[in-house]
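Note sheet for the following structure.
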Amino acid sequence: MKSLSSWLISMFMIMFWGFRVAVAFQAQYEKDFGGFIAFNLNLEVILLFIVILCIILFLKRVLLGGILYLGAYGYYFGSYILQNIQAGASMPIQVMQNVFVAALGITIAFCAFFDLVIARVRKKDPRDKKTDWFFQNEQYDRKLDERADKNEYRNY
């Protein structure tokens with residue numbers, strides 16, 4: 001993880017996971033956590049363990065982690081978003097804030113997936129302006145070869 005975006009995405013993933021742990025913990029004891037709810041407590045607990053695996057795979061830069069993370073959050077949060085947006089424009093504030101949190105979770109998952117895809121493309125075609133002038137410069141190679149041919153060293 002060499003880029004700042006990768007570090008920021010991984011930090012947001014961990015912070016969002018911690019937030020969802022707190023929401024699930026409060027939902028287990030049927031207490032209010034600022035209006036945030038766990039949509040399905042059993043599925044939420046399973047999702048928390050899957051996300052731990054996805055975060056580890058993301059930190060190791062494995063594309064499967066990004067796909068699994070996007071799929072899990074897309075299934076869990078996407079169904080809640082679609083269910084409440086189809087209900088209409090007159091939503092209570094608690095539902096609106098839960099839809100916002102769900103959209104935030106899906107946004108983080110999209111960013112993580114695309115960061116892994118872009119990092120994969122960067123690996124296949126690495127460009128470094130600091131060293132390409134030396135290693136990919138044919139004129140420099142020709143000059144070096146001409147100098148090497150003119151040197152006539154004798155070994156006695």
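The table for this structure:
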quantity	calculated
Distance histogram in 10 Å bins (all Cα pairs of segment 4-126, percent per bin)	13, 43, 30, 12, 3, 0
Projected area, mean over directions - segment 49-98, Cα convex hull, nm²	4.1 nm²
For segment 4-126: relative contact order, % (alpha-carbon pairs under 8 angstrom, 6 or more apart)	30 percent
Inter-label distance for PHE110 and ILE85, nm, one decimal - labels placed 7 Å from Cα along Cα-to-Cβ	1.0 nm
Those chymotrypsin sites (Phe, Trp or Tyr not before Pro) in segment 56-106 that DSSP places in a loop and that have at most 11 other beta carbons within 10 Å	none
For segment 4-126, size of Cβ-based charge dipole, Lys and Arg +1, Asp and Glu -1, in debye	560 debye
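Read-outs throughout are calculated quantities, based only on the coordinates presented, and are distinct from any laboratory measurement. Quantities reported herein were computed from a predicted structural model and do not represent experimental measurements. Note: ideal-geometry Cβ built from the backbone for every residue, glycine included; neighbour counts use all protein chains shown.
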